[in-house]
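Okay, structure first, notes after.
Readers should treat all values here as calculations from the given coordinates under stated rules, not as data from a laboratory. Just so we're clear, the structure is a prediction, and the values are computed from it rather than from any experiment. Glycine gets a Cβ as well: all are built from the backbone with ideal geometry, and neighbour counts include every protein chain shown.
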Amino acid sequence: MKQTQRLDKILAHVGIGTRSELKRLAKEGAIYVNGVKVKDSGMQVNPDTDIITVNGEPVLYREFVYLMMNKPQGVVSATEDNRDRTVVDLLDKVYAPFEVFPVGRLDKDTEGFLLLTNDGKLAHNLLSPRKHVPKTYFAKVEWEVNESDREAFSQGVTLDDGYETLPGILRILKTGNESENEPSEIELTIMEGKFHQVKRMFQAVGKKVVYLKRISMGPLALDPSLALGQVRELSKDELLALQSAN
């Protein structure tokens, strides 16, 4: 059975215009469906099979969008904020009609991989504590991170509120030296996302994170070609990988 929707609803969803504006466009003869001029912008169409054009331009209907962002420092992971710029503020206006939201949070001073979508089901699955979706971070830590820290993280550590974390995988990329003012460089993979978790895990072993960047979430790694603040849509393969991980 065909899945039909109102034409004006479809066009409004992809940002072509409001219902009153679309009614005017139909009167002006600017909207066509399957090569036929539309008189009623409220007519039923199938967005998957019908060919819709507005002012001669084809309309690509999508219910959901999936965006990868390289989040910069100084912006908050929210759709709106009274004080700070949000990750949604960084998006091109073409995405405004889709009302995307960040999947999970990165701290204001944390950079890196952030997924934004309007697919609530996918977001729920990725954030569900039962799923244990891995997230990997690169961090600089004062000062020396050593084998005892790696062992502690592999067992799970107790946070400042008494919460016992799941085991994490700590990889020491570079051992720091306090006398030379050199931080350690590490990668940490965790299976949960408690508030400030990476920073608090290092606090639990007496260390301080001075720089933090998420480099992957689930099967997806941050695209190295994305500059800070840049966004791109997921490829079909990336989306399939993400959906399969759920």
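Quick notes
- Charge context of GLY74, other residues only, Cβ under 9 angstrom, K/R +1, D/E -1: 0
- Relative contact order of the range 1-116: 24 percent, from C-alpha pairs under 8 Å at least 6 residues apart in sequence.
- Other residues lying with their Cβ under 13 Å from the Cβ of GLY29 contribute a combined charge of +3, Lys and Arg counting +1, Asp and Glu -1.
- 12 Å reach of a label modelled at LYS208, 7 Å along Cα-to-Cβ, counting backbone N of the range 142-165: 142-143
- The simple spin-label model puts a point 7 Å past each Cα toward its Cβ; for ASP92 and THR18 those points are separated by 2.6 nm.
- Proximal lysines relative to LYS208, as straight alpha-carbon distance under 18 Å, when same-chain residues fewer than 8 apart are discounted: LYS108, LYS140, LYS174, LYS194, LYS199
- Proximal charge balance of GLY193 [Cβ under 9 Å; K/R count +1, D/E count -1]: +2
- Rounded to the nearest 500, the 222 nm mean residue ellipticity of the chain from helices alone is -5500 deg cm²/dmol, with -39,500 (n - 2.57) taken per DSSP H run of at least 4 residues.
- Applied to the range 110-118, the Karplus parametrisation 6.51 cos²θ - 1.76 cosθ + 1.60 on θ = phi - 60° returns per-residue 3J(HN,Hα) values of 9, 9, x, 4, 9, 9, 10, 7, 10 Hz, with x for Gly and Pro.
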